[in-house]
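Some notes on the structure that comes next.
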Amino acid sequence: MELDDGYELAVAEAKEVARPKATLEEYDAFEERMAALKEEDRLSWKVAMRAQAEVDLYWMMRGVLSTGAPEQAFKNGLRYICHPFSYKMACWAQEDHDGVMQMAGRGHGKSITYTFGLPLFIYVQNPTWTFCIWSVTRNLAKSKLRPIRNEIESNKLLPELWPRLFYSGKPRQA
């Protein structure tokens, strides 16, 4: 279904009231409301999902990207995001920390947040921006890019919510 400028306007209005949630329990409740709304009114669900995802990195990763679905996350070699530390990592990543470095142990969600979720989160807000993923070796950098490509090619929700940014056809035709 092709969406028109009325959809874009509805999203802009919804973004004015959308905000990051304060606790994981609020996200659980929001997720339940979204599941119910999806059954009742699909267009309103799309507007609410997209508006929340455009202002909230954690919701983008949990509600839209495959990191929010354990079976899909593990299939794509990603980490399931519904963990208290992943929530804090995403909140911290979304804030402005000019000149501050974040350090965390292995398995705390740095890579999934900063080299997977954050580029897609910023892309839906600013599609003209260019991203570069740096690493020690070229192969390691490519391994960080592969999940992003897989997500863009396989996540059916991305072209549904952002039809002007993501292609819904066969990946090779994109």
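No value in this document is a laboratory result; all are computed from the given coordinates. The model shown is predicted, which means the values in this text are computed figures rather than measured ones. Cβ: placed from backbone, ideal geometry, glycine included. Neighbour counts: every protein chain shown.
Quick notes on this one:
- With the highest mean first, a sort of the peptides 22-29, 86-93 on other beta-carbon atoms found within 10 angstrom per residue produces 86-93, 22-29.
- Taking each residue as 0.36 nm, the span from MET34 to LYS110 lengthens on full extension beyond its C-alpha to C-alpha distance by 24.6 nm.
- When each of LYS46/LYS110; LYS21/LYS46; LYS15/LYS156 is checked by Cα-Cα distance, pairs over 26 Å: LYS46/LYS110
- Sites listed here are trypsin sites (Lys or Arg not before Pro) in the range 101-174 whose DSSP assignment is loop and whose Cβ has at most 13 other Cβ atoms within 10 Å: ARG106, LYS156, ARG164.
- Toward the positive end of the charge dipole of the range 103-174, with +1 on the Cβ of Lys and Arg and -1 on the Cβ of Asp and Glu, the farthest Cα among LEU140, MET103, PHE121 is that of LEU140.
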